[in-house]
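Right, one structure below, let's go through it.
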Amino acid sequence: MENVVIIGSGCAGWTAAIYTARANLNPLVLTGWQAGGLLTTTTVVENFPGFAEGVDGTQLMVTMQRQAERFGARVSFQATVEKAELIGGPPFRLIHSTGIVETRTVIIAVGASHKHLGVPGEKELEGKGVTYCATCDGALPVFRNKPLVVVGGGDSACEEALFLTRFASEVFLVHRRDQLRASRIMAERALAHSKIRPVWNSVIEEIHDPAGDSVSAVSLRDVKTNLRTLLPCAGVFVAVGHVPNTAIFAGQVDLDPAGYVRIANSGTRTNIPGVFAAGDCADSTYRQAITAAAMGCMAAIDAERFLAAGH
Ligand code: NAP
């Protein structure tokens with residue numbers, strides 16, 4: 001019987017592991033298929049306090065992992081929870097890809113995944129020019145000196161567009177409104193770049209061509225005029241936000257209509273005593289590395305107090 005099982009290994013998961021390990025709770029971290037979470041798909045993290053010059057996203061996550069392990073956290077790499085039996089617990093039962101575990105408390109820190117556009121050609125051409133991670137794929141030879149499209153208007157889209165300027169001949173930033181959602185510093189940086197061309201009030205209707213084996217163009221529609229145009233490009237980088245990775249908890253813990261785990265107004269308690277949630281899977285408002293880390297800390301303290309109360 002475990003004291004604490006932490007599901008997920010992003011900022012929230014590792015911080016919960018550091019705190020519960022230091023509280024001598026001997027936590028077990030089930031990392032999921034992508035150890036380190038979404039931050040490992042970014043480049044430099046510039047706004048995590050303590051790193052004046054910025055820090056590489058993967059490096060930050062590996063450092064957090066080492067810090068958790070230094071205090072005794074146990075880590076099961078690639079263990080992905082397939083079924084969570086939470087109702088009626090504790091004890092809670094987690095069935096994962098490499099075994100079954102029983103535990104007195106659970107910290108859900110499963111993060112979020114990239115949202116898809118849902119247009120023809122997207123699925124068919126994924127990995128053949130359609131991608132959700134510029135830092136993972138941007139340097140591929142097929143994208144060199146070619147026009148590329150980034151979809152979205154948030155921080156991720158600006159970051160991806162800026163990163164791609166290193167390889168692309170030009171980067172079209174396609175956004176459905178005429179104003180970016182991104183933070184001012186990111187928006188200004190993107191719009192000031194000579195290789196980035198914003199395409200305002202526009203949505204992608206199709207990626208060409210679904211039957212082909214590489215991206216050649218996108219069909220755009222101006223949402224104000226309904227005018228349709230074809231924009232030739234070699235790659236489409238989708239950065240339109242995220243969906244929480246909470247499908248396996250549906251029917252077990254309360255989720256909001258968008259799938260985020262509902263937590264108490266103060267703290268990280270879910271509707272099931274002993275089950276706590278932290279980070280992007282439970283936060284549709286802030287969604288920052290530092291707020292995920294803070295929630296991981298809170299979840300660890302909530303779990304520690306729950307156990308100390310004799311549950
Ligand atoms: P986001 O802030 O939710 O932005 C998503 C963007 O995609 C929005 O501009 C949205 O348009 C657009 N969009 C959504 N669905 C769409 C669809 N079906 N078709 C076309 N466009 C669509 O997501 P994000 O940029 O991934 O950022 C997520 C969080 O991470 C944010 O809190 C952000 O601050 C943070 N983040 C921070 C940094 C950084 O600080 N360096 C970097 C990356 C991410 P609308 O604007 O019209 O809604």
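The values are calculated or read from the model by the stated rules, or taken from the named source; none is laboratory data. None of these values were measured; they are calculated from a predicted model. Glycine also receives a Cβ, built like all others from the backbone with ideal geometry; neighbour counts cover every protein chain displayed. These area figures cover heavy atoms from the full protein model, side chains too; ligands, DNA and RNA do not enter into them. Shrake-Rupley method; radii C 1.70, N 1.55, O 1.52, S 1.80 Å.
Matching residues to (1) surrounded by fewer than 17 Cβ atoms within 10 Å (Cβ to Cβ); (2) within 21 Å of P90 (Cα to Cα):
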residue	(1), (2)
G13	no, yes
A17	no, yes
N26	yes, yes
T31	no, no
T42	no, no
N47	yes, no
V62	yes, no
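Per-residue answers, yes or no, for (1) touching a Leu at 6+ places or on another chain (Cβ under 7 Å); (2) among the acidic types (D, E); (3) within 21 Å of H114 (Cβ to Cβ):
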| position | (1), (2), (3) |
| --- | --- |
| P141 | no, no, no |
| P147 | no, no, no |
| G153 | yes, no, yes |
| F172 | yes, no, yes |
| H193 | yes, no, no |
| remark: Checked F71, F77 against criteria (over 21 Å from the mean Cα position of the chain (by Cα), over 19 Å from T291 (Cβ atoms) and either among the basic types (K, R) or open to solvent by 40 Å² or more (accessible area, probe 1.4 Å) (or both)); the one match is F71
| query | Out of curiosity, is V238 β-branched (V, I, T), open to solvent by 30 Å² or more (accessible area, probe 1.4 Å) and touching a Ser or Thr at 6+ places or on another chain (Cβ under 8 Å)? | reply | no
| Residues satisfying the stated conditions in the stretch 275-311, i.e. open to solvent by 10 Å² or more (accessible area, probe 1.4 Å), away from the ligand (no atom under 14 Å from the Cβ) and of a type in the set (F, W, Y) | F306
| message | I'd like to check something: does the stretch 248-262 contain any residue that is part of a loop (DSSP other than H, G, I, E, B), away from the ligand (no atom under 16 Å from the Cβ) and touching a helix residue (DSSP H, G or I) at 6+ places or on another chain (Cβ under 9 Å)? | response | no
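Keeping to the stretch 26-49, report how many residues are hydroxyl-bearing (S, T, Y) and not in a helix (DSSP H, G or I).
Kept after step one, since they are hydroxyl-bearing (S, T, Y), are these residues of the stretch 26-49: 31, 40-43.
Next cut, not in a helix (DSSP H, G or I) only: 31, 42-43.
Matching residues across the stretch 26-49 total 3.
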